[in-house]
Amino acid sequence: MAKKLASDRYLFLSALTLSCFGLLMIYSASAMQIYLPAAGGPANPFHFVMKQGFALLVGAFLAWAVHAVDYREFNRPAVVAVAMTVLVASLVAVLFAHPVNGTRRWIDLGMFSLQPSEFMKLGLILALAALLSRREGEEENLQRTLIPAAAIVLVPAGLVLAQPDFGTAFSFVAIASAMLFVAGVRLRYFLWAALLLVPTTWAYVMSAPYRKDRLMTFLNPEADPLGKGFQSLQSLIAVGTGGISGLGLGNSKQKLFFLPYPYTDFIYAIVGEELGFIGCVLVLGVFGLLLARGFRAAVNSPDSFGRLAGTGICVMIVFQALLNISVVLALVPTKGIPLPFLSYGGSALWADLIAVGILLNISQHSS
Amino acid sequence: MSDPGSNPAAKRIWILLGAGCVWIIILIARLADLQLHRSEEFAVKAKRQQERTIELPPRRGAILDRTGEPLAITASVDSVFAIPSEMDGPEPTAKVLSDILGVPHAEVLRKLSDRERDFVWIARRVQEDLADRVSARKLKGVRLIKESIRRYPQSELASSVLGYVGLDNQGLSGIEFRFDRAIRGRPARVTVLRDAAQRYYAAPGRPLRLERDGGAVEGAALSLTLDASIQHIAEKELMEAFQTYRARAGSVVVMDPYSGEILALASAPVFDPNRYGEFDPEFRKCRAIADVYEPGSTFKAFTVAAGLETGVIEEGDVIDCGGGALTIGSTTIHEHGRSRYGALPVGDVLAFSSNIGSARIGMSVGRTGFFKVLRNLGFGKKTGIEIEGETAGLLRDVRSWSALTLPTMSFGQEIGVTLLQMARGYSAIANGGMLVGPHLISEVRYPDGRVEKMRRPAAERVLSEKTAETLRRLLQLVVSKGTGKRAAVPGFTVAGKTGTAQKAVPGGGYSRDRFVASFIGFVPADTPRVVIAVEVDEPKGKQYGGDVAAPVFSAVASQVMQLLHEAPHPDESRTTPTTLVAELSRSAPVLSPILTSDLVPASTRFRRPSHGLSGDGFPDLSGQSARDATRTLALLGVRVRLEGSGFVVAQEPPPGAAIEPGTWARLTLSLNPPDEEPAAPAFAPEAQNR
C-alpha cells in the first residue's frame, strides 16, 4: 500500500554536501583566474564562486519547491508535452545564438545564461518515464513503444549534436538506455541498437577533426603532450601529484593555467591534487551513496513512473559523475561533461537540484 | 504488490546499481594506481613544469689598482620592458617610448601590439636620465628592471690588461677572462612557482618580484699590482711616441725588479673596453706579452752577462771588434751604420752597441753556455703572467742552430722575445741576479672578507751578484756616453740599453726600412727602483731606439720616480728588506755569507719613505754624497739643483722646512770629505759599488 514517508535524509544530505563542497572547490580552482595570461580573466577572485553560490541558492529553492510537489504531477501528459515543447524549442533557438568557444549552448538572458540541454535531460527522463509507464507489458512493441521512445531521445540528441555537444547527446542515450533496460526491454534490443549506433557514432566522431583528435589523444595521450594530449596529461599530473592526502585545500599548482578550465569539467582533478586519494574516494563514496539511495527510492516507488523517473534521475546524476571522473582519470576520451554539483555552471546545478527534488518526493512514497 | 526486491524492474535497477558499484571500484583502483602507486612519477612531472630554478646573476667583482683605485666596476642600469597584455592601447605608449628612447616607432609599436605576450624588451641598459624620463611618465604596462653592466671608469687605461666582458658579463679577454671564475661570483638559485604562462610566483596569488642582487654571492674583487698613475704615465708617453712616429704599435712595461710586480703594462694602439666591439681586434692586444719580436741590441746585455757568467770575459777586457767586419763562412757581419771599431772595452761594446764585439763575446761563450744562460733568463718560455694571450717567444734548441746563429743571436737576431721577457731579464740584472716571476694580481678579496694573497713564483738565481753588479755599471755607460743618452733622467743615474732591430722579412733577410726601436733600462742605476722597457714597432721618420724609445723611457722614468714616494698603499711585504732577503734565502739556500751581507744593505735601498718622513720636513743632508742626497730628496718628491761636486755642505731650504710637492732644493757641494762616516745603512751600497 502506498505510504507517505519522510523524504530520504541521506539523499538530501549527499546532494547538499556535494553542492557545498563544489562551491569550495570552485573557489579554490577559479580564484587564480584573475591572473589569466591573456586579457579576459575576471577581475574579482570571487567571480565564479559568487555566481555559483547565487545559482545554488536559487537551485536549492527550486529543489525545495519541486520536492513539495507530488512526483505524479509530472506524469500528466499536458505537463510533459509542454515541457518537451519548450525544451525542444529552446534547443532549436540555441542553434541561432552567438557561438561561445565554437559551440552554441547557451541562451543569454542578460543577468545569466541558460543551457537548455541540461534541462533537456530532465525533460527527457520525465517524458520517457511517462511513455514507458503507460506501456507496461508492451515494452518491446516497436510502434507503440520503441519508435516513440527513440524519437523522444534522438530528436533532442540530434539537436544537441548540432551545437555541437557530443557529451550531452551521449548522456541522453545512456539515460534512455538505462530507463528502457529497467522498463524491461531485453538485452538483444540494446545489441541491435548498438549495432546501429556504433558505426553511426564512429562516422560522427571521424567527421569532425577535433572529435577525431580527442579520440586519438585518448588512445595515446603522451604522443603530443604539449598539444592535444595536454589536457589529459595535465589532469593526470594533478591527480597523481595529490598522493594519499593531497597538497592541501587551495594548494593546487596545476590550476595555474596548466590545466585549462580547472573549475568546470576538470574540477575533480583539482580535488585529487588538493585532497588526494582520500578526498577523491570520499567524493566517489558520496556519489555512490546518492546512487544507492536514489535507486532505493526508485525501487520502493509505488508505481512504474516513479521507478523509471527515479532510475533516470540517478543515472543522469551518477552516470555523468562517473563518466566525468573517468575522463579526468583518462580512462575514456575527453567528452565535455560536467561533474554534477561540483563543476561550475548554473544550468547543470539547477537541473540536478530539481532532479534531486523530484527524487526526494519519490522517496516519500513507497509501495 | 509483491516485495519490491523481487519485482523484475527492481532486479534490473539492482543490476544497474551493481554496474555503478563496479564502475566506482574501477575508478578507485585507477585512483590508487595514480595517487598511491605512481604518485612520485607525477610529482616529478609536476615539478618539472611548475617549478623553475631561476638564476639571479651576481654582481661582478671590481678590479682595483694597487692603491684601490677602481679600474673595472659593476654598475646597475635600467632596462625598459613592457607587458603588452596590461596595456590599454599601444599607440600612445609606443609614441612616448620611441620619443624618449630613440627606438624606431614602428618597432616599438610592433612589440607592444603583440597582446598575447607578457614581456617584451623595449631597450636594454639605457642611460640614467632616459630611464628616469620613462619612469616619470608612469606608463601603464611599461616597467624598468635593474641590470648590471661592466664599466671601465678610466676608459682606455690598462684596457689591454683588463680585457672586457660580453653581454652576459662573462669575461672575454685579459684579466676579466683569466679570473672570470673568481670575479664572476655565484648566482643565486631560487626555486619559484611558475604558471603555464611562464610567470613566477613566490606564493599562490602573488607574482614574485625578482630582486636583482638578492641572494647572489658577489664576485671577488681583484687588487692588481698595477699603479693607475704609473699606467697613465706609461700610456701617455707611449701614445705620444706612437703618434709622433706614426708607429704600427708599441708597448711599455714598468716593473718592480725585486718582486716582479708589474706597475704598468701599456699597449698602443688602445681601445675602450666599454665599447670594445667598435675596435679592431688588433687594438685589443696586450702587446708586451703577445707580440714576439727580434730584440736587436737590447739583447747584447745578456750576451755580456753570459760572457761574465761563464768567465770568458771580465769587466776590464778589451774585445777585438775586427775593424767593422766579421766574416763567418760566406757571410760578413757589419756594425750598425757601418761603424768601424778596432778594439773596444767590454763596456763600450755595450755603450756603442757593437755587433761584432757582441758576436765575439757570444762565440767565445759557446753555444751550449750561451743557450743555458738565455734559458735560465727565461727566454723561450712564458713568464706566467696572469693574462690570456701570452706567447713564449722563440729560442731554438742548440741542435738546430746554424753557424751564424750564435754570432747573430749575440746581437739579438734569430731569437724571438716578448717585451715582458726582456723586462724580466733586465730585472735580473737590476736586482742582483734573481729571475722573478712577473705578475699583475696582488690579492683576491672575497666578499666574505677573506683575502687571498696571490702566491708569487719563487725567484731563482740566474746570474751571480757580481755579474749583475758589473752589468749595472756597464749599462750606465750606454746612457752616460753611448747610444742611450736621451734616456737620461735628471737627478738619477740610469742604466739601460738601446735597441734598433731591423724587422725580419718573411722569406728571409731583414727589412731596410722597418725597425723595432726599443730601450730597456732601470733607474736609479745602482739602486734600481723600477725596470722600464719601451718598444716602438715600425716608427716612421726616426728609427733608432736611442731617438724613439729612449726619450719615452726618460719621460716615464722621471715621472715614476717623482711618484713612487707617494704610493698611497706602500705594501710593506713587497719592499721591506727582511722579506726580500727571506725570499732570496728561501729560493737560494746556498747563498754565501758574502752574498747575504751584500743583500742586506742592498735591499734597504728599496725602502720606501715612511709616512712620517715627509711630515718631518727637509732632512739634514749635510755630509751626504750628491747621489745619496739626490735620492733622498727624490723620494720626498723634491727636485734638486746641484752646485759643485762632492759632498753636501749647505742646503736650501734648511733642515726641518716644510716640503711642498714639486719643491726645488739647492744643494751646495764640496769635494772636501765630510768629517763623519755616514751611519745609516742606506749608504752601504756606495761602499759596495766602489
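Quick note: the coordinates plus some simple rules give every number you see, no bench work behind them. Because the structure is predicted, anything quoted here is derived from the model rather than measured. Note that we place each Cβ from the backbone using ideal geometry, even for glycine, and neighbour counts take in every protein chain shown.
Computed quantities for the displayed model
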item	result
Cβ neighbours within 10 Å from other chains - mean over B:13-22	6
Label-point separation, B:Ile15 to A:Phe61 (7 Å along Cα→Cβ), nm	4.4 nm
Label-to-label distance, nm, for residues given as B:Arg151 and A:Leu191 (7 Å Cα→Cβ offset)	8.8 nm
Gained length - B:Ser364 relative to B:Ser511, 0.36 nm times residue gap less alpha-carbon distance	50.0 nm
Fewest-first ranking of B:Tyr544, A:Tyr344, using other Cβ atoms within 10 Å as the exposure measure	B:Tyr544, A:Tyr344
Paramagnetic reach from B:Asn274 in region B:70-105 [backbone N under 16 Å; point 7 Å along Cα→Cβ]	B:70-78
Taking all pairs of distinct alpha-carbon atoms in region B:228-572, Kirkwood radius in angstrom	20.0 Å
Ranked packing of B:292-303, B:132-143, A:129-140, A:112-123, most packed first, by mean Cβ within 10 Å	B:292-303, A:112-123, A:129-140, B:132-143
Per-residue average of Cβ from other chains inside 10 Å of A:252-261	4
Calculated FRET efficiency for the pair A:Leu282/A:Phe112, C-beta based, R₀ 41 Å, to 0.05	0.85
Burial ordering of B:Lys47, B:Lys453, fewest other beta-carbon atoms within 10 Å first	B:Lys453, B:Lys47
Residue order, fewest to most beta carbons within 10 Å, for A:Asp8, B:Asp280, B:Asp317	B:Asp280, B:Asp317, A:Asp8
Protection-proxy order for peptides B:512-521, B:256-265, B:325-334, A:200-209, each taking the mean of Cβ atoms within 10 Å per residue, highest first	B:256-265, B:512-521, B:325-334, A:200-209
Two-decimal Rg to Rh for chain A - Kirkwood Rh, Cα set	0.96
Per-pair calculated FRET efficiency, R0 = 35 Å: A:Leu13 and A:His98 via Cβ, rounded to 0.05	0.30
Shielding by partners, peptide A:302-312 (average Cβ within 10 angstrom, other chains)	2
Spin-label pair A:Cys20/A:Tyr210, simplified geometry with 7 Å Cα→Cβ offset, distance in nm	3.7 nm
Two-site FRET efficiency, B:Ala188 against B:His334, from Cβ-Cβ distance with R₀ of 60 Å, rounded to 0.05	0.30
Violating pairs (Cα-Cα greater than 28 angstrom) within the set B:Lys236/B:Lys372; A:Lys121/A:Lys212; B:Lys285/B:Lys542; B:Lys372/B:Lys453; A:Lys335/B:Lys45	B:Lys236/B:Lys372; B:Lys372/B:Lys453
Environment charge at B:Pro345 (Cβ cut-off 15 Å; Lys +1, Arg +1, Asp -1, Glu -1)	-1
Linear extension gain, B:Gln170 paired with B:Val398, 0.36 nm per residue minus alpha-carbon span	77.8 nm
